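Take a look at the structure set out below.
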Amino acid sequence: MRLIDGKAVAEKIQEQIKEKVAEMRLQSQRVPHLAAVLVGNDGASLTYVSNKVRACEKVGFRSTLIHLPEYITEAELLAQVQALNENPDIDGYIVQLPLPSHINAKKITYAISPDKDVDGFHPTNVGKLALGLPTFVPATPLGIIQLIEHYQISTEGKHCVVIGRSHIVGLPMSLLMSRNAYPGNCTVTLTHSRTANLAEETRRADILIAALGKPEFIKAEMVKEGAVVIDVGITRLPDASKKSGFVLKGDVAFEEVAPRCSYITPVPGGVGPMTIAALLKNTLLAAEKVV
Ligand code: NAP
């Protein structure tokens, strides 16, 4: 079994981006500028957004955090989105999800200019991904692709089972693994909460990507011997023994599943750090106007 070290790979990618930004500065080019919009004070969202802003600073990007109150109206948030679309100083931006329930998240996502949609959630970018055109690939699936590439895991002709069909992880992941490219060329089964006999499906997986958000759901008997297991899940479980008051759990029961695997990602330190590195990569693409 080989542990996939997402932290180390993410650091390497961030180092490469940092070098690229230093080069841009040397040539007196403007450096990429990412904005992050956060509505309200949800603890996890605050952590995610601050990590993204800190990562920008580390690689030399400019970053702007726009922290709006919980009670902001949908119209006010749409006006903010419009202002970011029109601001030539911002290359790309994200609106951190989830949004408060009185705001229609779809409406906000669809209002983001596709050219600045570094999260890759806009229908134009999802459509481009489905057609295999250059686009902003959502950060978590892009991070997973980069991990597979880094460890030179073979994918062609393999059976890949993705658990979860969210627009953020499962659906784009299934598109990427089935495309005619490396990593890709898999036969993909996309599963969800209505899938009958899920364990039967997962046991056939050469590559299993779990993104359902149920801590330690995947047990050893659900995994084929020698499988590659990518654990996307992150759930905070209360733990009084920790300073933070919680512990992070993946969707995979790591201790019992790991011995069966050829490769496995840990939680934390697997997919999580890659998500931020992928967001930085997308921001660089936005600044270079490659997409
Ligand atoms: P989501 O929107 O809640 O989607 C969960 C998906 O899992 C849904 O498609 C759901 O099916 C499916 N599902 C739920 N229970 C199931 C079951 N018992 N059997 C089979 N499928 C089941 O979640 P998400 O945003 O994709 O996130 C999934 C997990 O990844 C969460 O733990 C999240 O925190 C984590 N995550 C991590 C990162 C990272 O950076 N590492 C990034 C994003 C998300 P239905 O469609 O039928 O409801």
Result for the chain: accessible area per residue, probe 1.4 angstrom, in square angstrom, of 48
For the pair Glu70 and Leu237, the simple spin-label estimate (label points 7 Å beyond Cα toward Cβ) gives in nm 2.8
In whole percent, the fraction of accessible protein surface over the range 172-230 that belongs to carbon or sulfur atoms, probe radius 1.4 Å, stands at 47
Listed by chain and number, the residues whose amide H is under 5 Å from that of Val247, excluding neighbours fewer than 5 places away on the same chain and using placed H, are Leu237, Asp239
Residues whose built amide H sits under 5 Å from the amide H of Gly92, excluding neighbours closer than 5 in sequence, are His33, Ala35
Listed by chain and number, the residues whose amide H is under 5 Å from that of His67, excluding neighbours fewer than 5 places away on the same chain and using placed H, are Leu38
Per GNM of the chain with C-alpha springs under 10 angstrom, the most fluctuating residue out of His102, His150, His167 is His102
Of all lysine pairs in the range 1-123 that are eight or more residues apart or on different chains, those with Cα atoms under 26 Å apart total 20
Karplus-derived 3J(HN,Hα) from phi for the range 259-273 (6.51 cos²θ - 1.76 cosθ + 1.60, θ = phi - 60°), whole Hz, x at Gly and Pro, runs x, 7, 8, 7, 9, 8, 9, x, 10, x, x, x, 6, x, x
Taking the convex hull of the alpha-carbon atoms of the chain and averaging its shadow over every direction gives an area in square nanometres of 15.5
Over the chain, cysteine residues that find no other Cys C-beta under 4.7 Å are Cys56, Cys261
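Counting only other residues whose beta carbon sits under 14 Å from that of Ile103, what net charge do I get with K and R as +1, D and E as -1?
Residues near Ile103 contribute -2 overall.
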The range 259-291 scanned against label point 7 Å out from Leu26 along Cα→C-beta; backbone N under 20 Å for 284-285, 288
With -39,500 (n - 2.57) per DSSP H segment of 4 or more residues and division by the full residue count of the chain, the 222 nm estimate, nearest 500 deg cm²/dmol, is -12000 deg cm²/dmol
Under a Gaussian network model of the chain whose springs join Cα atoms within less than 10 Å, the largest fluctuation of Ala211, Ala240, Ala130 belongs to Ala240
Listed residues Arg260, Arg25, Arg62; largest mean-square fluctuation, Gaussian network over the chain with Cα springs below 10 Å, found at Arg25
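Counting other Cβ atoms within 10 Å of each Cβ, which chymotrypsin sites (Phe, Trp or Tyr not before Pro) in the range 187-276 have at most 12 and sit in a DSSP loop?
Answer in residue order: no site qualifies.
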Computed ³J(HN,Hα) along the range 22-33: with the Karplus parameters 6.51/-1.76/1.60, θ = phi - 60°, integer Hz and x for glycine or proline, the list is 4, 4, 4, 4, 4, 8, 6, 8, 6, 8, x, 10
The range 57-185, Kirkwood Rh and Cα Rg, ratio Rg/Rh at 1.02
For the range 143-148, in residue order, the Karplus 3J(HN,Hα) values (coefficients 6.51, -1.76, 1.60; θ = phi - 60°; whole Hz; Gly and Pro = x) are x, 5, 4, 5, 5, 4
Placing one equal point scatterer on each C-alpha of the range 1-72 and summing with Debye, one gets log10 I(q)/I(0) at q = 0.11 Å⁻¹ equal to -0.39
Bridge orientation stat for the chain from DSSP, antiparallel percent rounded to 5, came to 10
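The values are calculated or read from the model by the stated rules, or taken from the named source; none is laboratory data. Keep in mind that this is a model prediction, so the values were computed, not measured. For neighbour counting, all protein chains shown are included, and Cβ atoms are generated from backbone atoms with ideal geometry for every residue, glycine included. All accessible areas refer to the heavy atoms of the entire protein, side chains included, with ligands and DNA or RNA removed. Shrake-Rupley method; radii C 1.70, N 1.55, O 1.52, S 1.80 Å.
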